[in-house]
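As structure tokens, the structure follows; a few thoughts come after it.
The values are calculated or read from the model by the stated rules, or taken from the named source; none is laboratory data. No experiment lies behind these values; they were computed from the predicted model shown. Cβ coordinates were reconstructed from backbone atoms using ideal geometry, including for glycine residues, and neighbour counts include every protein chain displayed.
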Amino acid sequence: MQPFIMNSHAEAFRRLSMGHLDHGLALLSQSILWSDGNSSLDGPFFLGFPGFPGWGEGLLLASLLKRYAASDKKCITVFAPPQICSILKQENAFEVHTVQHYDEAKSRKARSPLAILRHALTGELLQLPFSAIQSFVESEPVDHDDRVGIVWASRNIGGDTSVEKCIPICELLHAIDDGNRMLTSLQRHLSDEESITLRTRFGGRIRFVDEKVLDAEDQTEALRDIADLDRIVTISTTTAHIAACLGIPVMLLAARRHGPQWFWRVQAEHRKVIYPTVTVILGGKGKSWWTPCIPHI
């Protein structure tokens, strides 16, 4: 992407995170990637943030659009990456088509998601009832009450972590473990040291979801693992979006930062409840941003 386009998006997301919703949306509308003069919610839409990598935000858009589709009993055509399509394949609110990127969707007449965000942030879309994405998996009965999924770091394939998207594992475990909970690690690119720490401390009370499952184009198995949980404690990750769109309670810990994840601050600080089952706990800034979050877990 050209630098001036990226800078324009960054400023738009910064404005949205600050609660300047009209201004942020106006900046997005000026982007050649986001511009859309059609205000209708009838599609067809691309489920994703044009110009940015990752696919989790597409589930946020699907969740918002599902409110409208369920309310009006409509089936809306959407284009999405294969991971999202595998999650939505049992959802009768959408006619889903697989694409690898926005340009491919646009060539097939898909619109940017600008109208979805506009109706959610400055319109009446969030006043419609939340409707969980329908999946083909059901959680199975088990003999314990509290099954908690945990994620403490957002890492790329090389295992690198942004300081504003990670929490020291010992701090998180100290806050959530009461000696009885069954834990499921949904952490990608788990280090050997982390694995040893968890296995030593929890023994049979923890299970690990393989990163090959979490990173697969077909998210069927990951969806089954997540649907089996009672709740998740996580930072901003794709896993949070999967759980939230299914209606699973999520405690989300986030730094006060600008950028593509502006929606957590909008929900926490500006009363735009995008995901009703998500409790956003905002921390501070910098390396120890998570410190104010710990007492609230």
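Which number in (1) of a type outside the set (Asp, Glu); (2) surrounded by fewer than 20 Cβ atoms within 10 Å (Cβ to Cβ); (3) farther than 18 Å from GLU91 by Cα marks the one condition that THR239 misses? Status for THR239: all satisfied but (2).
For (1) without any contact (Cβ under 8 Å) to a residue 60 or more places away in the chain; (2) over 21 Å from the mean Cα position of the chain (by Cα), each residue gets a yes or a no:
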| site | (1), (2) |
| --- | --- |
| ALA10 | no, no |
| ASP22 | no, yes |
| SER31 | yes, yes |
| PHE49 | no, no |
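Yes or no, residue by residue, for (1) assigned to a loop (DSSP other than H, G, I, E, B); (2) more than 20 Å from ALA222 (Cα to Cα); (3) not assigned by TED's automatic domain parsing to the domain that holds ALA244:
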{"position": "LYS74", "(1), (2), (3)": "yes, yes, yes"}
{"position": "SER86", "(1), (2), (3)": "no, no, yes"}
{"position": "GLN90", "(1), (2), (3)": "yes, no, yes"}
{"position": "GLU95", "(1), (2), (3)": "no, yes, yes"}
{"position": "LYS106", "(1), (2), (3)": "no, yes, yes"}
{"position": "LEU117", "(1), (2), (3)": "no, yes, yes"}
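Of the numbered criteria (1) under 20 Å from ALA244 (Cα atoms); (2) within 21 Å of the chain's Cα centre (by Cα); (3) not β-branched (Val, Ile, Thr), the one SER71 fails is (2). One residue stands out in region 163-198 among those that are surrounded by 13 or more Cβ atoms within 10 Å (Cβ to Cβ) and charged (D, E, K, R): the one that is farthest from MET251 (Cα to Cα), namely GLU194.
Taking every residue in region 68-91 that is polar (S, T, N, Q) and pairing it with any residue that is assigned to a helix (DSSP H, G or I), at least 6 positions away or on another chain, the pairs with Cβ-Cβ distances below 6 Å are SER86/THR220.
Taking region 195-297 as the region of interest, the helices (runs of 4 or more DSSP H) fully inside it that hold 2 or more residues being of a type in the set (Gly, Ala, Ser) and over 12 Å from the mean Cα position of the chain (by Cα) are 220-227.
Restricting attention to region 249-297, the residues that are in contact with a Lys or Arg (Cβ under 6 Å, 6 or more places away or on another chain) and either at pLDDT 90 or above or not assigned by TED's automatic domain parsing to the domain that holds CYS170 (or both) add up to 3.
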